[in-house]
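J.: The structure's right below; bear with me while I get my questions together.
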Amino acid sequence: MKHFKTEEWIDYVNQVASPKQQEAMQKHLATNCKRCNETVAQWERLQNTAAREASYQPSAAHVRVAKAAFAMVQRGGQPKETSGFVKVLFDSFLQPLQAGARSGLVGSRQMLYRADPYEIDIQIEAKPEGDRLIVTGQLLDVSTPGIVGRDVKITLSNHRGNVVHTTSNQFGEFSGEVENTGDLELSFPAHGNSPIVISLRNALGNLPGNKA
């Protein structure tokens, strides 16, 4: 009995073999050749796995955190200390501009903070119409791997009396808008008595639309 080569079975599974070859291989499988049927089953499982992997899309929030953490590692520097127990792990404003890029054309700021027990991913954008800042982010509870900071009450303030309250959802994500006065403060309760406070002066620097 003639057995086909592995390369030929790969072409068969991927449906790139010639019609004549495809027909001959189907007839061979119909003889219940154990060796060749096992080979085909193996490559079909591999093809199905590859197809599922290609269709998988992580959530936007997880992508933001992964990109920020990776950029921090690439930078190779030590995290910058801020006041209290909050550490800056990544700040897009601290990254050098790529060759040919013009300052002030990017209307957003990406940051990643560490304040036990959380890692806080924050993105700030100037709203295209109106003098407002759009603040989105996510809380990850690093004390328990795989757990997000859900149902956390978060306060946004612009240091000029405009205060907005929001709560993180089941994925630890939150969002809110405040009047753009240039400054921004974000606070939420920690596991202890003192709240976690992230305060930014001139939050968007000299980007268009910022009133600093």
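J.: Quickly run through segment 116-126 and pick out the residues that are more than 16 Å from the chain's Cα centre (by Cα), surrounded by fewer than 20 Cβ atoms within 10 Å (Cβ to Cβ) and part of a strand (DSSP E or B).
T.: Matches in segment 116-126: GLU125 only.
J.: State whether one or more residues within segment 5-20 are modelled with pLDDT under 85, in a loop (DSSP other than H, G, I, E, B) and closer than 30 Å to LEU94 by Cβ.
T.: Taking every residue of segment 5-20 in turn, none turns out to be modelled with pLDDT under 85, in a loop (DSSP other than H, G, I, E, B) and closer than 30 Å to LEU94 by Cβ.
J.: Please enumerate the residues belonging to segment 106-140 that are among the small types (Gly, Ala, Ser) and farther than 18 Å from ASN202 by Cα.
T.: If the condition is that a residue be among the small types (Gly, Ala, Ser) and farther than 18 Å from ASN202 by Cα, then ALA115, GLY137 are the ones that fit.
J.: Go over the candidates GLY182, GLY137 one by one and state the one that is at pLDDT 85 or above, out of contact with any Leu (no Cβ under 6 Å at 6 or more places or on another chain) and under 15 Å from VAL88 (Cα atoms).
T.: Matching residue, one of GLY182, GLY137: GLY137.
J.: Got at least one residue in segment 98-113 being surrounded by 12 or more Cβ atoms within 10 Å (Cβ to Cβ), of a type in the set (D, E, K, R) and either closer than 25 Å to PRO189 by Cβ or at pLDDT 80 or above (or both)?
T.: yes
J.: Under 8 Å between Cβ atoms, at least 6 apart or on separate chains: pull out the pairs that start in segment 107-134 with a residue that is of a type in the set (Val, Ile, Thr) and end on any residue that is assigned to a loop (DSSP other than H, G, I, E, B).
T.: ILE124/ALA203; ILE124/LEU204; ILE134/LYS127
The values are calculated or read from the model by the stated rules, or taken from the named source; none is laboratory data. In this text the structure is predicted, and so the values were computed from the model without any measurement. Ideal geometry is used to build each Cβ from the backbone, glycine not excepted, and the neighbour counts take in all protein chains shown.
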